[in-house]
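The values are calculated or read from the model by the stated rules, or taken from the named source; none is laboratory data. Just so it is clear, the model here is predicted, and its values are computed rather than measured. Note that each Cβ is placed from the backbone with ideal geometry, even for glycine, and that neighbours are counted across all protein chains shown. For the accessible areas, the whole protein counts, side chains as well, though only heavy atoms, and no ligand, DNA or RNA atoms are used. Shrake-Rupley method; radii C 1.70, N 1.55, O 1.52, S 1.80 Å.
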Amino acid sequence: MNMAEREVYPIEVEFPDISAYAEGNAGLPYAYTFDSSVPGPHVMINALTHGNEVCGAIAVCGLLDAGLRLRRGKLTLAFANVDAYARFDPANPDASRFVDQDFNRVWSEAALDDASRDSSELRRARAMRPLVDSVDWLLDLHSMHERSAPLNVCGPHDKGIALARRLGVPAWIVSDAGHPEGRRMRDYGGFGEAGSPKEALLVECGQHWEAQAVAVARDCSARFLLLAGVIDEQDLPAGWLAAPGAPVKVVRVTEPVVARSMDFRFAGPYTGLETFPEQGSVIGWNAGEPVTTPYPNCVLVMPSLRQLRAGVTVVRFGQLLP
């Protein structure tokens, strides 16, 4: 599959007007924190890490509008890259992923502390940083370029796999260390440290604009809040909890495939979770050289050329765990 062969997906959902939430309630635009005054964790549900990933925004709007009753701890509901979201154009829906750089690649102390670096995304991340520093449990809601089964991306440590198993949705769990291009929010600070009590999950709810991705975002948000113990089931908006799904499967990512240039193409129309029984199967070509599977029963994780450029991860190889 080359750039000209990318499938064009219909936009099945409306993009909500989030301007009503611009003020926030704690000094940070587009972020709301609620305190139960009862001991418990500080839980955050974050949307719009990427400006064209609307399902999380719909879920966060729904939670804000529902006036959710908080039983224990604190809850933060936030919209992240609002400047990118404001640029969404249905005629070019991939272009609003970010403004200057990927918001989900700036979450290292080195990048955030480097005063010589500036971008729209770094400014927003720096503004959000004190809030994120105070969070114990983070759920970052995303969606995917290609239509594929939803994924629970839990990070490289056993604590993340355990939390994803406890959440139980989506059925596919991906354990990985992130991207060479930069650190994700879900790996920032204690979220990415094996010995820290802080927890984070990143859920890829489905293809960016499919209606089912909204249902997945709502279900995962509801289950995350229940698992954290900050609400009771009767507090949830009606219809948010889906029926239990299939047993979970865990895929541990072993390595990324990074494009060397714009000259990358796949050997087939892959969208994700394709499994290759034989080691050495050719799945594409990188600057003219074949890209082969490094072991038997290799799983492709989130293959896509929509953001193709030198240095971008275009697919990751993963192993199924017992």
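Excluding residue 201 itself, what net charge comes from residues whose Cβ is under 9 Å from its Cβ, given Lys and Arg +1 and Asp and Glu -1? Mind dumping the intermediate values first?
Numbers: positive: 186; negative: 140, 199.
Net local charge, residue 201 excluded: -1.
Okay, helix-only estimate at 222 nm for the chain: each DSSP H run of n ≥ 4 adds -39500 (n - 2.57), divide by all residues, round to 500 deg cm²/dmol; what do you get?
Details: 6 runs with 65 residues, N = 322.
After summing the helix terms and dividing by the residues of the chain, the value is -6000 deg cm²/dmol.
Roughly how far apart, in whole Å, are the Cα centres of segment 23-38 and segment 103-162?
Computed from Cα coordinates, the inter-centre distance equals 19 Å.
Can you give me the % of accessible surface on the chain that is carbon or sulfur? Probe 1.4 Å, all protein chains present, nothing else counted. It would help to have the intermediate numbers written out before the result.
Working: 6610 of 13080 Å².
Of the solvent-accessible surface of the chain, carbon and sulfur hold 50 percent.
Leaving out ligands and nucleic acids, and using a 1.4 Å probe, what accessible area per residue does segment 67-171 come to in Å²? Please list the in-between numbers first.
Details: 3980 Å² over 105 residues.
I get 38 Å² per residue for segment 67-171.
Which of 227, 206, 194 sits closest to the plus end of the dipole of segment 190-252, meaning its Cα is farthest towards the positive end, when Lys and Arg get +1 and Asp and Glu get -1 on the C-beta?
Positive-end residue among those listed: 194.
Kirkwood Rh, the chain, all Cα pairs: how many Å? Can you show the working numbers first?
Details: mean 1/r = 0.0500 Å⁻¹.
Kirkwood radius, the chain: 20.0 Å.
If each of residue 297 and residue 108 carries a label point 7 Å out from its Cα toward its Cβ, how far apart are those two points in nm?
The answer from the label model is 3.4 nm.
Please report, to one decimal in angstroms, the Kirkwood hydrodynamic radius of segment 137-223 built from all distinct Cα-Cα pairs.
13.0 Å
Taking segment 4-37, which GluC sites (Glu not before Pro) meet the DSSP loop condition and have no more than 13 other C-beta atoms within 10 Å?
Working: sites: 5, 7, 12, 14, 23; in loops: 7, 12, 14, 23.
Those satisfying the criteria are 7, 12, 14, 23.
With unit charges on the beta carbon (Lys/Arg positive, Asp/Glu negative), name the residue among 284, 322, 253 whose Cα is farthest towards the positive pole of the charge dipole of segment 204-322.
284
Tell me, what is the percent relative contact order of the chain, built from C-alpha pairs under 8 Å that lie six or more residues apart? Walk me through the numbers before you get to the answer.
On the way: 737 pairs, mean separation 58.2, N = 322.
Value for the chain: 18 percent.
Among 305, 137, 63, whose Cα sits farthest toward the positive end of the charge dipole of the chain (+1 at Cβ of Lys/Arg, -1 at Cβ of Asp/Glu, about the Cα centre)?
137
Can you give the alpha-carbon Rg of segment 28-120 over 2.2 N^0.38 Å, where N counts its residues? Don't jump to the answer; show the numbers that get you there.
On the way: Rg = 15.5 Å, N = 93, 2.2 N^0.38 = 12.3 Å.
Ratio of Cα Rg to 2.2 N^0.38 Å: 1.26.
If we count every other residue with Cβ under 14 angstrom of residue 322's Cβ, Lys/Arg +1 and Asp/Glu -1, where does the sum land? Let's see the in-between values first.
Working: positive: 165, 249, 252; negative: 158.
Charge balance near residue 322 sits at +2.
When only alpha-carbon atoms are used, what values of Rg and Dmax, in angstrom, describe segment 199-322?
18.0, 57
Semi-axes, largest first, in whole Å: what does sqrt of 5 times each Cα gyration tensor eigenvalue give for segment 70-204? Display every interim value, and only then the final one.
Numbers: eigenvalues 112, 78, 45 Å².
Ellipsoid half-lengths, sorted descending, are 24, 20, 15 Å.
Taking the Cα centre of the chain as origin, sum charge times position over the Cβ atoms of Lys and Arg (+1) and Asp and Glu (-1), and report the length of that vector in debye to the nearest 20. Don't jump to the answer; show the numbers that get you there.
Details: 30 positive and 40 negative charges, 108 e Å.
Dipole size: approximately 520 debye.
For a quick check: with amide H placed at 1.01 Å from N, whose amide H comes under 5 Å from residue 263's, ignoring anything fewer than 5 positions away on the same chain?
287
Sort 185-194, 282-291 by the packing proxy (mean of other Cβ within 10 Å over each peptide's residues), most packed first. Please report the intermediate quantities before stating the final value.
Working: 185-194: 20.4, 282-291: 14.9.
Put in order of decreasing packing, that is 185-194, 282-291.
So if the hydrodynamic radius of segment 161-203 is defined as the Kirkwood radius over C-alpha pairs, what does Stokes-Einstein give as its diffusion coefficient at 37 °C and 0.692 mPa s, in µm² per second? Intermediate results must be reported in sequence, preceding the final value.
Details: Rh = 11.3 Å.
The estimated diffusion coefficient comes to 292 µm²/s.
Let me check I've understood the local charge: for residue 159, count other residues with C-beta under 12 angstrom from its C-beta, Lys and Arg +1, Asp and Glu -1. What total comes out?
Working: positive: 165, 166, 198; negative: 158, 193, 199.
Surrounding charge for residue 159 is 0.
Just to be sure I understand the model, the point goes 7 Å from the Cα along the line to the Cβ. What's the resulting residue 115 to residue 134 distance in nm?
With each label point 7 Å from Cα toward Cβ, the separation is 2.5 nm.
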